[in-house]
Amino acid sequence: PDLYDAVEEYHTSGRPPGIPTGLPDLDRLLGGGLRDGTLNIVASRPGVGKSALLTTIGLHAARSGLPTAFFSLEMSTLEVLSRIVQLHTGLDLRHRLEEEEWARFVDAAGRLADLPLFLDDTPDLSATDLRAKVLRLALDHGLRLLLVDYVQLARAPGRFDSRYLEVGAISRALKHLAQELRIPVVAAAQLGRGAEGRRPTLADLRESGNLEADADTVLLLHPVEEVADLTSPMVETAFILAKHRSGPTGSFHLLFHRAHLRFYPIVQEEGTS
């Protein structure tokens, strides 16, 4: 019956299943968006845009009225909120706002306060505490999307002989949450130094527990320019869908605006291909 309902909904509405990410190119690769019950890993080296991508996905879902939880193990809630405001308005909150910018900020703050977006910045969060908080959000608010930034900063209960095994336990816990609640889980992961300066592959994720095995999709972000050019305000970034359990893999490129924390399509000049 569940399968029938899902296919009927697609047939009658024309909307593919899944929660849209806010990036049409990514939604096309995913076959419509993030599927319920799936664990989706976004991995890159530091500073490439994985946190910005999770913020983009979370804000887009919340704007669509979907209760969304963002667990930030790396940044404080105020830092996450600053990123959300920057993404929503284009304002750079690292600088003093002009009068016109202040008015935009006040308007944005009022709009964002009404969104079903729940932020948690508990440091050193354990998988057990994460599960308890997520189940409470699911019970009280009908949670539809879970974002975790990032996996390697979480803890798993018990004692482990290696960090590799502990990260594996965390990824399994996230996968079980996705399946139990029938929601998509998107978790950021940091690639090792071996992936620096070259196009990453799934092999770069194999050092991080069972992330590759547990994930339904693995998206790798990689700056096309040399690492020395990452100070540029706009960085061309490759989105590499290296694993897709229920569909094709592929890649596309977007421009990452580092100050605005936004991804923009690459507009080609007329006459080029």
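Quick one: order 164, 150, 4 from most to least accessible surface, probe 1.4 Å.
Details: 164 100, 150 25, 4 150 Å².
Largest accessible area first, the residues go 4, 164, 150.
With no solvent and one equal point scatterer per Cα, compute the Debye intensity ratio I(q)/I(0) for the range 1-128 at 0.16, 0.22 Å⁻¹ and report its log10, rounded to two decimals.
Here log10 of I(q) over I(0) equals -0.94, -1.40.
In terms of modelled amide H atoms, which long-range or inter-chain residues lie less than 5 Å from the amide H of residue 118?
When sequence neighbours closer than 5 places are left aside, the close amide H contacts are 68, 69, 70.
What percentage of the solvent-accessible surface of the chain, computed with a 1.4 Å probe over protein heavy atoms, is contributed by carbon and sulfur atoms?
On the way: 7340 of 13920 Å².
So the carbon and sulfur contribution to the accessible surface is 53 percent.
Per Stokes-Einstein, at 10 °C and 1.306 mPa s, what whole-number D in µm² s⁻¹ belongs to the range 65-146, with the Kirkwood radius over Cα pairs as the hydrodynamic radius? Don't skip to the answer; put the middle values down first.
Numbers: Rh = 14.1 Å.
Once the numbers are plugged in, D ends up at 113 µm²/s.
Given the convex hull over the Cα atoms of the range 93-199, what projected area results after averaging over all orientations, in nm²? Could you put the intermediate results ahead of the total?
On the way: hull surface 41.6 nm².
Taking a quarter of the hull surface, the average projection is 10.4 nm².
Could you tally the net charge around residue 101, taking each other residue with its Cβ under 15 Å from the Cβ of residue 101, Lys/Arg +1 and Asp/Glu -1?
Values: positive: 94, 96, 104; negative: 92, 98, 99, 100, 107.
That works out to -2.
Given charges of +1 on the Cβ of Lys and Arg and -1 on the Cβ of Asp and Glu, with all other atoms neutral, how large is the dipole of the range 1-90 about its Cα centre, in debye to the nearest 20?
Working: 7 positive and 9 negative charges, 85 e Å.
For the range 1-90, the charge dipole is close to 400 debye.
What distance in nm separates the two pseudo spin-label positions at residue 179 and residue 7, each 7 Å out from Cα along the beta-carbon direction?
Output for this residue pair reads 2.4 nm.
In a GNM of the chain with a 10 Å cut-off on Cα contacts, which of 165, 39, 143 has the highest mean-square fluctuation?
165
Checking a compactness column here: for the chain, what do you get for Rg(Cα) / (2.2 N^0.38 Å), N being the number of residues? Present the calculation step by step, with values, prior to reporting the outcome.
Numbers: Rg = 18.6 Å, N = 273, 2.2 N^0.38 = 18.5 Å.
Cα-based Rg divided by the globular estimate yields 1.00.
If the reach is capped at under 12 angstrom between alpha carbons, list the aspartates and glutamates near residue 175, excluding any in the same chain fewer than eight residues apart.
Excluding near neighbours in sequence, the set is 36, 212, 214, 216.
Where does the charge balance sit around residue 181 when Lys and Arg score +1, Asp and Glu -1, over other residues with C-beta under 12 Å from its C-beta?
On the way: positive: 131, 136, 144, 175, 182; negative: 36, 180.
That works out to +3.
The values are calculated or read from the model by the stated rules, or taken from the named source; none is laboratory data. Please read these numbers as outputs of a predicted model, since none were measured by experiment. Counting neighbours? That spans all protein chains shown, and the Cβs are built from the backbone with ideal geometry, glycine included. These accessible areas exclude ligands, DNA and RNA; they are computed on the full protein's heavy atoms, side chains included. Shrake-Rupley method; radii C 1.70, N 1.55, O 1.52, S 1.80 Å.
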